[in-house]
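What follows is a short report on a single structure.
The values are calculated or read from the model by the stated rules, or taken from the named source; none is laboratory data. Just so it is clear, the model here is predicted, and its values are computed rather than measured. No Cβ is skipped: glycine too gets one built from the backbone with ideal geometry, and neighbour counts run over all protein chains shown. Just the protein is used for accessible areas: all its heavy atoms, side chains included, with ligands, DNA and RNA removed. Shrake-Rupley method; radii C 1.70, N 1.55, O 1.52, S 1.80 Å.
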Amino acid sequence: MSPTNSSAERWNAVHPPGTQVIAYPDRDGEPLYTWTRSLAMAHGHGRPVVLVEGHAAVLPLSRVDVGPWKLTPENYGHIDEATDRDNAFAKQYTAALNGQIVTVGMRIGERPNRIIARFGDTIVRLNAGTYIVRAAEGAAS
């Protein structure tokens, strides 16, 4: 077995299709909040690659970070796009601060099962269109 095949097999042993990731398909470093849509495979150029939702070409595993998404004002739009691709309704979550209405997070899903993620919280994709939120450390419940 070649080193590339064993790298892909090690990846596949713990990361099935549907694994939540942040991918970097473009050289400018713009992240794509997404999930895998294939097993990793050996590519002809000697490195393991994977397909991700929202990008047509394979990506080297070196350009894919595994893990849930921590919601921030900077990545709000990217995560909103990801939930759209997943057919999960998402909308800004607002609150009154200092006499103004400001965005403080995101609502995902519709009542009665919607969830609220505030900036700093972690959004975890369980499966297509289903999410949970882990509150930020030290956040009030």
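Pick out which of Gln100, Gln20, Gln92 has the largest mean-square fluctuation in a Gaussian network model of the chain, springs linking Cα atoms closer than 10 Å.
Most flexible of the set in this elastic network: Gln100.
Would you mind telling me which residue in Pro25, Pro73, Pro17 has the biggest mean-square fluctuation in a Gaussian network model of the chain, where springs connect alpha carbons within a distance under 10 angstrom?
Evaluated over the chain, the most mobile residue of the options is Pro73.
About the Cα centre of the stretch 1-119, what is the dipole size in debye to 20, counting +1 per Lys and Arg Cβ and -1 per Asp and Glu Cβ, all else neutral? Mind dumping the intermediate values first?
Values: 12 positive and 12 negative charges, 59 e Å.
Magnitude of the dipole: close to 280 debye.
Taking loop as defined by DSSP and a crowding limit of 12 other beta carbons within 10 Å, which GluC sites (Glu not before Pro) in the stretch 1-102 fit? Don't skip to the answer; put the middle values down first.
On the way: sites: Glu9, Glu53, Glu74, Glu81; in loops: Glu53, Glu74.
Sites meeting the loop and neighbour criteria: Glu74.
Using a probe radius of 1.4 Å on heavy atoms only, what accessible surface per residue do you get for the chain? Whole Å² is fine.
On the way: 8170 Å² over 141 residues.
That works out to 58 Å² for each residue.
Quick one: pull the percent of accessible area on the stretch 1-121 belonging to carbon and sulfur, 1.4 Å probe, ligands and nucleic acids left out.
Working: 3410 of 6810 Å².
The nonpolar share, carbon plus sulfur, comes to 50 percent.
Output the 0 to 90 degree angle, nearest 10, between the alpha-carbon long axis of helix 3-14 and the longest principal axis computed from the alpha carbons of the chain.
Helix 3-14 sits roughly 40 degrees off the main axis of the chain.
Report the local net charge at Trp35: Lys and Arg +1, Asp and Glu -1, summed over other residues whose C-beta lies under 14 Å from its C-beta. Numbers along the way, then the final one.
On the way: positive: Arg37, Arg85, Arg125; negative: Glu53, Asp65, Glu81, Asp84, Asp86.
Within the 14 Å Cβ shell, the charges total -2.
I need the phi-derived Karplus couplings for the stretch 75-84: 6.51 cos²θ - 1.76 cosθ + 1.60, θ = phi - 60°, integer Hz, Gly and Pro marked x.
Along the stretch 75-84, the couplings run 9, 3, x, 5, 5, 4, 4, 5, 5, 4 Hz.
For log10 I(q)/I(0) by the Debye sum over Cα atoms at q = 0.09, 0.17, 0.21 Å⁻¹, the listed values are (i) -0.35, -0.97, -1.29; (ii) -0.47, -1.00, -1.25; (iii) -0.32, -0.92, -1.23; which was obtained by calculation from the structure presented?
Correct label, based on the coordinates given: (iii).
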